[in-house]
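Down below is the structure, laid out as structure tokens.
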Amino acid sequence: MITQLKHTRNICLLICCIISSIWVHAQNDIQISYFMNNELAFNPSFAGSNEGVQASLLARKQWMSFEKAPLTQTLHVDYKSKIGGLGLYVINDGLGYEWSTHAKLLYAYHITIAEDMQLSAGLGAGLYNKQLDASEFVYQSTITDPNGIYLTENSLHPTIDVGVNLSYKNLVAGISSTHISNGIEKSDFSKFPRHYYGYVQYQHDLSNKIDLVPTLYIKSGGYITQFEGNCNVFFNNKYWLGATYRYNESAVILAGIIIQETIKIGYAYDYSIGEIKPHSNGNHEIILSIRMNADKTDKNYYQSTRLFN
């Protein structure tokens, strides 16, 4: 009991550290409509949240009318081991002549506080590479600019993420921060500033065949804070339909299917409603998830705080 209280105290101290360090920062982490299936992108405490091995691939194409519009791919794998949750997350993100690639290892420690209540704290550490292909830049003047960029530039930087997550029965809440070693005053084109995330999610069983899962998601870099409200409805533990409103930016519809109890395929379409609306034909997103070595008799196999299963 004393050991458990010490672990709980340490996790609570981590929560306080995250909250107390919030200042003003810029926003340039990736944006994903299936954020409820990609928590490891912003909160390492989800590593090993469910039994078995889970792996997901996601592809997102934004602003279809624009040449060299944003294009994002992610891969994550995680599982629960005897020492805690372990995971790997990889992100490849491009916009115009700029590309960034992240790779990070994740660890999460899970502790049961009371019946049906679990607290977890996670740490993610890795590297990201920023690349700018200036070979296709066109300058108005034929005279070489001493401050101009003419070749492909690469820069490699370390990154550290932290997060905590609390689950009680069908309710889940958490906060996290990415790139915690970077502040806005030290960030530039090649160095990401610190970001902050928060979310609350609840699963309501309407009947034996229908489940309602609303989620509130907040992300901030200080200068830009974005609010998203999502609600997914699951039918027969096999199909789902959902909708998301991203404040002053877009409205999203989501749909998907679980195949043979182990494979999930989902699609999301973003309809732009902000200033970019006259110039964009929307955004498309596809996700493929696989779960292996899980107990299929467990209710959470279909529905969990990670909405897969």
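Bear in mind that the values in this text are calculations on the coordinates, not laboratory data. This one's a predicted model, so the numbers in the text were calculated from it and none came from an experiment. Because the Cβ atoms are built from the backbone with ideal geometry, glycine has one as well, and the counts that use them run over all protein chains shown.
Based on the mean of other Cβ atoms within 10 Å per residue, sort peptides 29-36, 57-64, 236-243 so the most packed one is first. Write down the numbers at each step before the final one.
Details: 29-36: 21.4, 57-64: 17.4, 236-243: 15.5.
The packing order, highest mean first, is 29-36, 57-64, 236-243.
I'd like the Kirkwood hydrodynamic radius of the range 40-81, using the inverse of the mean 1/r over distinct C-alpha pairs, in Å.
Values: mean 1/r = 0.0817 Å⁻¹.
The Cα-based Kirkwood calculation yields 12.2 Å.
Across the range 252-263, computed HN-Hα scalar couplings (Karplus, 6.51 cos²θ - 1.76 cosθ + 1.60, θ = phi - 60°) run 10, 10, 10, 7, x, 8, 9, 10, 6, 6, 10, 10 Hz from first to last residue, x flagging Gly and Pro.
Any idea what diffusion coefficient the range 214-275 gets from Stokes-Einstein, in µm²/s, Kirkwood Rh on alpha carbon pairs, 20 °C, 1.002 mPa s? Each step should come with its number before you reach the end.
Numbers: Rh = 12.9 Å.
Value of D from the Cα-based Kirkwood radius: 166 µm²/s.
Suppose R0 equals 45 Å; then what is the FRET efficiency for SER155 and LEU206 from their Cβ-Cβ distance, rounded to the nearest 0.05?
Working: r = 50 Å, r/R0 = 1.12.
Working from the Cβ atoms, E equals 0.35.
Peptide packing: for 163-174, 249-260, 207-218, the average count of neighbouring Cβ atoms within 10 Å per residue gives the ranking 163-174, 249-260, 207-218, highest mean first.
Taking the mean number of other Cβ atoms within 10 Å as a proxy for protection, how do you rank 191-204, 68-81 from highest to lowest? Each step should come with its number before you reach the end.
Numbers: 191-204: 19.6, 68-81: 17.8.
Ranking, from highest mean packing down: 191-204, 68-81.
In the structure shown, the pairs LYS80/LYS209; LYS61/LYS130; LYS130/LYS219; LYS61/LYS264 are assessed against 26 Å; a Cα-Cα span above that value is assigned to LYS80/LYS209.
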